[in-house]
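Input: a single structure, listed below in structure tokens.
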Amino acid sequence: GAAAARTVVRALHRAQEVLHAAEDELGRLDAVAGDGDHGRGMARGVDAAVGAADEALAAGADAPSVLRRAADRWADRAGGTSGALWGVGLLALADGLAADVALTGTHVADGVRAARDEVCAVGGARVGDKTLVDALDPAVEALAAAHADGATAADAWRAAVRAAREGAARTQDITARRGRSRVLGDKSLGVADPGATSLALLLAEVGAALGV
Ligand code: ADP
Ligand code: MG
Ligand code: MG
């Protein structure tokens, strides 16, 4: 219902804060082996998404509709590979959320899995390619494992955030095989992938907005 829609909007506002705070750092990471625009692109994408989400909420939209509008606007305005993939992922997440139910831990876990599947299908990246999939996939698996173990939503989310951070950190040790930086070979060694870094940051914020 309306509470779930407000939660989605709150999560996007938190994402906006953290992305603006991290904008310069994400740009520096992307400048090493990319084109330096990751921080700017994510900030532009989330600003557009927040605007769309605020409008949709004011118009009485439910949680999946709010997220769908936000995803469309993000993809539209962010530019870059990550912008397109965030649009795809958020749309898959929206499709996984039922209109009239609360955002429970298992719903969100299923939605995040759908997002991972769609991002991999569209972008073609696998774990180890030094992309945001290196943070997203471990988070999805950690969430599923925690829920299977009967963990609380809060504990499951904490495990997912930890897995995403560790996955993002591991990208320092690999050479990019996808995206712009793949042509630069070992130049990206020793530096974390910007897309994996921003994804791990955002998972932590979403958890806070969900109250976990
Ligand atoms: P661009 O590379 O177009 O400038 P960004 O700088 O915003 O876009 O995003 C770069 C990030 O996008 C990379 O750090 C990586 O995490 C992610 N990325 C690039 N290509 C792919 C892909 N095929 N699948 C998943 N993620 C990708
Ligand atoms: Mg870039
Ligand atoms: Mg670019």
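The values are calculated or read from the model by the stated rules, or taken from the named source; none is laboratory data. These figures come from a predicted structure and were not determined experimentally. Here Cβ is always computed from backbone atoms with ideal geometry, including for glycine, and neighbour counts include all displayed protein chains.
Within the stretch 15-34, which residues are near ligand 1 (Cβ under 10 Å from one of its atoms) and either part of a helix (DSSP H, G or I) or aromatic (Phe, Trp, Tyr) (or both)? Reasoning before the result, please.
At the first step, the residues of the stretch 15-34 found to be near ligand 1 (Cβ under 10 Å from one of its atoms) are 26-27, 29-31, 33-34.
Selection gives 26, 27, 29, 30, 31, 33.
Mind listing whichever residues of the stretch 169-191 are within 16 Å of ligand 2 (Cβ to nearest atom) and either modelled with pLDDT of 90 or more or among the polar types (S, T, N, Q) (or both)?
Scanning the stretch 169-191 gives 171, 181, 188, 191.
Looking only at residues that are surrounded by fewer than 21 Cβ atoms within 10 Å (Cβ to Cβ) and closer than 18 Å to residue 16 by Cβ in the stretch 70-88, which one is farthest from ligand 3 (Cβ to nearest atom)? Give the steps one after another, and end with the answer.
If we filter the stretch 70-88 for residues that are surrounded by fewer than 21 Cβ atoms within 10 Å (Cβ to Cβ), which is where we start, we get 72, 76-77, 79, 81, 84, 88.
Checking which are closer than 18 Å to residue 16 by Cβ leaves us with 72, 76-77, 79.
On the way: 72: 20, 76: 15, 77: 14, 79: 7 Å.
Of everything passing the filter in the stretch 70-88, 72 is farthest from ligand 3 (Cβ to nearest atom).
Cβ-Cβ below 7 Å, separation at least six or inter-chain, first residue in the stretch 163-176 and within 13 Å of residue 129 (Cα to Cα), second assigned to a helix (DSSP H, G or I) and among the β-branched types (Val, Ile, Thr): which pairs?
What qualifies is 168/197.
Under 8 Å between Cβ atoms, at least 6 apart or on separate chains: pull out the pairs that start in the stretch 31-42 with a residue that is without any contact (Cβ under 8 Å) to a residue 12 or more places away in the chain and end on any residue that is near ligand 2 (Cβ under 9 Å from one of its atoms).
36/27; 36/30
Keeping to the stretch 35-56, report how many residues are outside any helix (DSSP H, G or I) and either buried (at least 20 other Cβ atoms within 10 Å of the Cβ) or β-branched (Val, Ile, Thr) (or both).
In the first step, residues of the stretch 35-56 are kept if they are outside any helix (DSSP H, G or I); the result is 35-37.
So of that shortlist, the ones also either buried (at least 20 other Cβ atoms within 10 Å of the Cβ) or β-branched (Val, Ile, Thr) (or both) come out as 37.
Of the residues in the stretch 35-56, 1 are outside any helix (DSSP H, G or I) and either buried (at least 20 other Cβ atoms within 10 Å of the Cβ) or β-branched (Val, Ile, Thr) (or both).
Right, residue 153: closer than 19 Å to residue 93 by Cβ, at pLDDT below 95 and away from ligand 2 (no atom under 14 Å from the Cβ) or not?
Numbers: closer than 19 Å to residue 93 by Cβ: yes; at pLDDT below 95: yes; away from ligand 2 (no atom under 14 Å from the Cβ): yes.
Answer is yes for this residue.
Do you know which residues across the stretch 1-26 are more than 24 Å from residue 59 (Cα to Cα), loosely packed, with under 15 Cβ neighbours inside 10 Å and either of a type in the set (Gly, Ala, Ser) or in contact with a strand residue (DSSP E or B) (Cβ under 7 Å, 6 or more places away or on another chain) (or both)?
At the first step, the residues of the stretch 1-26 found to be more than 24 Å from residue 59 (Cα to Cα) are 18-26.
When the remaining residues are screened for being loosely packed, with under 15 Cβ neighbours inside 10 Å, the result is 20-21, 24.
Of everything in the stretch 1-26, just one residue is more than 24 Å from residue 59 (Cα to Cα), loosely packed, with under 15 Cβ neighbours inside 10 Å and either of a type in the set (Gly, Ala, Ser) or in contact with a strand residue (DSSP E or B) (Cβ under 7 Å, 6 or more places away or on another chain) (or both), namely 21.
Quick check on the stretch 61-81: of everything there that is farther than 20 Å from residue 123 by Cβ and not in a helix (DSSP H, G or I), which residue is farthest from ligand 1 (Cβ to nearest atom)?
Residue satisfying both the conditions and the ranking: 62.
State the number of residues belonging to the stretch 82-116 that are of a type in the set (Val, Ile, Thr), in a helix (DSSP H, G or I) and modelled with pLDDT under 85. It would help to see each step written out before you state the result.
Filtering the stretch 82-116 for residues of a type in the set (Val, Ile, Thr) gives 88, 101, 104, 106, 108, 112.
Filter once more, keeping what is in a helix (DSSP H, G or I): 88, 106, 108, 112.
Among the residues that remain, those that are also modelled with pLDDT under 85 are: 106.
Number of matching residues: 1.
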